[in-house]
Each structure stands twice: as C-alpha cells, then as structure tokens.
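Here's the structure we're looking at; comments come further down.
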C-alpha cells in the first residue's frame, strides 16, 4: 500500500475515533439534541396534546398584539422580539410607561423556552402557560388587569370567533385562556442548530475548532449547569467561587442565591448577558463565568455504591475561551418562519388604551 494511502487511512481512522470519543463524552455529560423525528419532538413540546394549527395561529396573533397590554402599546414581542433572537437587546427590561424592571432584570429569550424546567430568573413558574400570565399582569411590564383583558378580547368579534374555532363554543375567554394560547405558540419556537445535527449523527456538522470547543466545554465542567436539550433552563446556585463583578447592579442577588441557568442556544444573538445584562461581549461573559462558578466532578468509588463529589474552580486559558466561543457559534439555530399576522380590528365596544397615570 502506498504511503499516501496509508496516511489518508490513518487520518480518517483518527477522525472517526475522535468523533466517537466526543460523542461518548456528550452522552456522559447529559447533552441532548433537539430530535429530528417529528413524533419524538412533538412528545417533548406538546406532552398534553394541546397544540393545533388554529391554536398556534391564534396564539401568534395574541403574542404580537399590543392590545393585550394596558397601554395598547406593548406586546409579548416587545421584550421577546422574535427578530432579535427572542430578546429585546437591552440590559434591563422596559415596560409600561417606560418603567424599567425594578430588580434590573434582563429579558430571557423565548426561543426553546419549551425545554426549560423553570421559567423566570427565580424559577417561580414551571410552565410556559403559567409564565405567560405574569408579564401581562405585572405593573412594570404590560400592566393589564385581568378583567380588562377579557373585556378587550371579547369585544373583538374576530378573536371570539377564532377562540371558538380553536377550542369549541364553550371556551371561556379570560387571562388563563389567553396566556395558555400564547404559550401554545411559544411551544413551537424551537431552533435546531448545527450542534444538534452533530449530536444527531452528522459528523461533519461541526468544524474541528467547534468540536474542540465542545470538548473543552465538557472537560471544564460547564455542563454542570448547561446540559440537557436546553443547555440551561434549570435552577443552580450562583457565585460559587468568586463574586460576580456586577453583582451590585440591581438587587436580585441580595435575595436570590439560585438563578435559572440561561440557555446557550442562539447565545451569539442574545446579548447583553447575565441576569442584569451587564456584559455585552460573549468572550468576556465566558471568562466571567470561568471566574464566578465551579464545576462538579463525580467519581464512583470502585466496588461501592458511593460517589465521590469534587468541587473544582473552572480554570480557562485564553485558548480555552477561544475554543468555547467557537463552539457557541454552532448553537445558532434555524428559526421557524414567522409571518407577522394581520390582527383583527377593534370594535366600538373595545376598551380604549390607558396611557396616563390613572
């Protein structure tokens, strides 16, 4: 056999072994892809079987409709802009009457939120349906009274008709049904990426540098918090090694030691970073996490059911940061096509917007 052929075979073999080893590391780290099988994906995003085309379309209209807010100006898309990675692109959320979030909290992305175990930075909601009720009623967000909301929606004939077609003649139009329908639309906002393609079997979906970054991401213990399909979305303690450099911006850390881990999906599109949106450069955000957090290493003792848990500071070199950053770029997902809906017209009975202090 010719030397060139031997070299090629050796290179191919090494690549296959490296890919196989990385996939094994991925499985051990509990990293999971968005499924390609539609039935499997549907079981994840719609375990109760509530998603239908009519409900999704109605939910989309409500998501984009500013009449769901007291002022008639603020829609769900105001803070969770689907054209901007599902966020608003500012450090702290701004709501009714230009009110800033009182705790200086940054708006999380709505993309892939269906895979989160908890919603809100303090994890107070377990479902998208429950979460959707919060901003509608919050005085510094949409500031909508639930009775006024029901009156507004029921005063719009086309909405009443669509609710009946989506749910049946006896549907009660109120805060819950509006929020539930918005959540149904949000459940469809899933963005598979090249990272998922790799985990689903396409060994060429990631570049060599991105694979090295994924390996570094696993080896450095970032997967202690960023795991599962969501690469986040669970509650974890913060500031385990050192204090976050911007901890005094806002009061959230004064009362909350546990934070919802933000998803890393589409992370290149969702700046600024951290709960108070104080870091705009993704490379700086990676370095800050390397300083603030620790990693857990779990070893099972031989011939025993006991586990040895070691807590280790995360030590990142400049090369490590570069590699992780390269991997993060592979997490930019393919967005579902969203056509801005034509919203149904108000009637003479539709309650007017409230924009003054009353």
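The values are calculated or read from the model by the stated rules, or taken from the named source; none is laboratory data. All figures in this text were calculated on a predicted structure; none of them were measured in a lab. Note that each Cβ is placed from the backbone with ideal geometry, even for glycine, and that neighbours are counted across all protein chains shown.
Laid out as a table, the results:
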{"item": "Complete set of residues in segment 87-96 that are in a loop (DSSP other than H, G, I, E, B) and out of contact with any helix residue (DSSP H, G or I) (no Cβ under 8 Å at 6 or more places or on another chain)", "result": "89, 90, 91, 92"}
{"item": "Given (1) surrounded by fewer than 12 Cβ atoms within 10 Å (Cβ to Cβ); (2) modelled with pLDDT of 95 or more, number of the condition residue 13 does not satisfy", "result": "(2)"}
{"item": "Filter result for residue 62 (in contact with a helix residue (DSSP H, G or I) (Cβ under 6 Å, 6 or more places away or on another chain) and surrounded by fewer than 19 Cβ atoms within 10 Å (Cβ to Cβ))", "result": "no"}
{"item": "Residue within segment 221-235 that is under 23 Å from residue 335 (Cβ atoms), in contact (Cβ under 8 Å) with a residue 60 or more places away in the chain and not assigned by TED's automatic domain parsing to the domain that holds residue 263 present", "result": "no"}
{"item": "Pick from segment 309-351, criterion free of Cβ contacts under 8 Å to residues at least 40 places away in the same chain and not in a helix (DSSP H, G or I), ranking: nearest to residue 206 (Cα to Cα)", "result": "317"}
{"item": "Test: residue in segment 77-86 that is within 19 Å of residue 114 (Cβ to Cβ) and part of a helix (DSSP H, G or I)", "result": "yes"}
{"item": "Subset of segment 270-283 (residues that are without any contact (Cβ under 8 Å) to a residue 40 or more places away in the chain and closer than 10 Å to residue 245 by Cβ)", "result": "279"}
{"item": "Positions within segment 111-157 being in contact with a strand residue (DSSP E or B) (Cβ under 8 Å, 6 or more places away or on another chain) and not in a helix (DSSP H, G or I), in sequence order", "result": "116, 117, 118, 119, 120, 121, 122, 123, 125, 126, 127, 140"}
{"item": "Filtered residues of segment 175-204 (kept if within 27 Å of residue 145 (Cα to Cα), part of a helix (DSSP H, G or I) and either in contact (Cβ under 8 Å) with a residue 60 or more places away in the chain or in contact with a strand residue (DSSP E or B) (Cβ under 7 Å, 6 or more places away or on another chain) (or both))", "result": "178, 180, 181, 182, 183, 184, 185, 186"}
{"item": "Qualifying positions in segment 200-215 - surrounded by fewer than 21 Cβ atoms within 10 Å (Cβ to Cβ) and within 14 Å of residue 28 (Cα to Cα)", "result": "215"}
{"item": "Qualifying position, being farther than 22 Å from residue 116 by Cβ, over 27 Å from the mean Cα position of the chain (by Cα) and part of a helix (DSSP H, G or I), among 165, 172", "result": "165"}
{"item": "Selection count where residues are in a helix (DSSP H, G or I), under 19 Å from the mean Cα position of the chain (by Cα) and free of Cβ contacts under 8 Å to residues at least 60 places away in the same chain, scope segment 17-73", "result": "2"}
{"item": "Options 240, 253; residue that is over 21 Å from residue 33 (Cα atoms), assigned by TED's automatic domain parsing to the domain that holds residue 294 and free of Cβ contacts under 8 Å to residues at least 24 places away in the same chain", "result": "253"}
{"item": "Which listed residue, of 284, 356, is closer than 22 Å to residue 218 by Cα and either exposed (fewer than 12 other Cβ atoms within 10 Å of the Cβ) or at pLDDT 90 or above (or both)", "result": "284"}
